[in-house]
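See below for the structure under consideration.
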Protein chains: 2
Amino acid sequence: MIINKNTRFLIVGLGLLGGSYARGFTEKGYHVDAITRSQSSVDYALEHEIVEKATTEVDPELISNADIIIFSLYPHIFVDWIEQYGKYIKKGTMITDVTGVKRCIVDKIQSILPDGVEFVSAHPMAGREVYGVENSDEKIFFGANYVVVPTEKNTEENIEACMRIGEILGFGRICQLSPAEHDEMIGFVSQLTHCLAVALMTCYEHEHLEKYTGDSFRDLTRIANINEVMWSELFLLNKDALLRQMDLFMGQFEKLYGFLENDDREGMMDMMKCATERRKLFDK
Amino acid sequence: MIINKNTRFLIVGLGLLGGSYARGFTEKGYHVDAITRSQSSVDYALEHEIVEKATTEVDPELISNADIIIFSLYPHIFVDWIEQYGKYIKKGTMITDVTGVKRCIVDKIQSILPDGVEFVSAHPMAGREVYGVENSDEKIFFGANYVVVPTEKNTEENIEACMRIGEILGFGRICQLSPAEHDEMIGFVSQLTHCLAVALMTCYEHEHLEKYTGDSFRDLTRIANINEVMWSELFLLNKDALLRQMDLFMGQFEKLYGFLENDDREGMMDMMKCATERRKLFDK
């Protein structure tokens, strides 16, 4: 798949991410259509000229017209969709996604797609604490990470095309990881951090000590504003990797606890120095 | 103590916080002098006209000229200073501080001060991840929390004066807490959050998964850039309260861990919903 200005994109699922993809492509002069569940999203997208065509119907013609289809759905809905409507995707089409976990989805989707349809999985690591196409914004991708998650079933050409999508949308860092590497990474940098924010935010029953909070507490708990339906699904789909990261974290937290309990100031200072040095590394 | 434009402030310890106090008072037209350890801080403060007089000497005349003295020192240095030089403080002077823990310091200081010198403790909840008068900035206080921590030894008049300092400096929220309430609060909203950031940042030995990080990870670990000498002292001085907050957090974290381990999606979603609602409350 060589992407050029005649390439026709179809977005399935026009929420915050799907809508931002649509805006990004349209902005750059590509053709974009959409299939999404709610009529209000269709109306919004057409009215704001984010897409050329949009419908709530799973329209075989729209599907077969697409060169590249981007699925922006919850993981289980993505699988259901391909099982039900995958047959409408024409040979030679490349499909990709935005799913936040990979091991559970990539092999599965690749195994149920019609022959000649290639799935190159990707994870745009961007988002906001709001939802829906009404809040979509192509700028959320600028400078962010875009991870392509290929398997041995993918062709170099389509891996390239999938990375090209990241470039078109303006991501700052585009890289490749295997599904297992991806899930381990995401378990640490994203899922674990959400677990910390949720646990911290639920420590006290009522608005209490937080009224005295400064920026640190606000920063740490910003992501405690969480879509529980989506995140609980993502957590369960990455359960083993996330539990490993939680264990790792707890080990370090208990180490610090032990130093404090035993008045081991040197031990605490060593951990703090290590944290400071590590943090500086990625502030550059 | 009624603060007016003839009031003479003396800052002891011209670092980030002391320097920001000095800038704030000077900006508003008050008289400010300083005593600090390093000649370079003295030179900087004089050159930038942050203070009127400054010296590295503990000058009895400068001390006895002050109406209000603000101590911006590490806790144990604050105590040492008062033990050694408290005798130079003239009767009727009010002293205050910026110390991040209170139970260990307030009674102690009040018990060793000369008669007629009143200590009203305060905690300006503001800071930056940089140090020194060169980085001081009165704007760090704008909109932040300023907690006055009076005891039964304090007079209404001087508690008022101490709160007035918070107003002059432009703090957004000025309130009173007892030393025990303060330390419990600070254990949760500040010390625990720093523990989380340090533990998270030390999970992996080398720059590793963090290169894939998005804003959440950056936000959570910003405060992992920590002054280990100061924070280890503050942690140890608030050990019991901080251990309690760490226990509380670990309980919630383990609860979430258990839900995930047992595929209890409802349990996870309940915690996430609670976190989301709680977080929204203090975003207003």
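The numbers here are math on the coordinates, done by the rules we state, and not lab data. Note that this is a predicted model, so its numbers are computed, not measured. Note: ideal-geometry Cβ built from the backbone for every residue, glycine included; neighbour counts use all protein chains shown.
A Gaussian network model of chain B, with springs between Cα atoms under 10 Å, assigns the largest mean-square fluctuation among B:M185, B:M246, B:M271 to B:M271. Charges were assigned to the Cβ only: +1 to each Lys and Arg, -1 to each Asp and Glu. The resulting dipole of chain A about its Cα centre is roughly 500 debye. Dividing the helix sum by the residues of chain A, where each DSSP H run of 4 or more adds -39500 (n - 2.57), gives a mean residue ellipticity at 222 nm of -14500 deg cm²/dmol.
Helix A:156-169 and the long axis of chain A differ in direction by around 70°, with both axes built from C-alpha atoms.
Relative to the longest principal axis of the Cα atoms of chain B, the long axis of helix B:265-281 makes an angle of roughly 30 degrees. Report the local net charge at A:E156: Lys and Arg +1, Asp and Glu -1, summed over other residues whose C-beta lies under 13 Å from its C-beta. Here the count lands on -2.
Net charge near A:P114, counting Lys/Arg +1 and Asp/Glu -1 over other residues with Cβ under 15 Å of its Cβ?
Details: positive: A:K87, A:K90, A:K91, A:K108, A:K153; negative: A:E83, A:D115, A:E118.
Counting the neighbours of A:P114, the net charge comes to +2.
Taking GluC sites (Glu not before Pro) across region A:17-77, the ones in a DSSP loop with at most 12 further Cβ atoms lying within 10 angstrom of their Cβ are A:E49, A:E57. The two copies A and B are related by a rotation, and the chain A beta carbon nearest its axis, with distance in whole angstrom, is A:D219, 2. Pairs exceeding 28 Å between alpha-carbon atoms, taken from A:K280/B:K139; A:K53/A:K102; A:K102/B:K255: A:K53/A:K102. Applying the criteria of a DSSP loop state and at most 11 other Cβ atoms within 10 Å to the chymotrypsin sites (Phe, Trp or Tyr not before Pro) of region A:186-283 yields no site. By the Stokes-Einstein formula, at 0.890 mPa s and 25 °C, the protein assembly as shown with its Kirkwood radius over alpha-carbon pairs has D equal to 93 µm²/s.
Take A:H48, B:H194 and order them by how many other Cβ atoms sit within 10 Å, fewest up front. All intermediate terms of the calculation are to be shown ahead of the outcome.
Values: A:H48 15, B:H194 21.
Going from least to most buried by this count: A:H48, B:H194.
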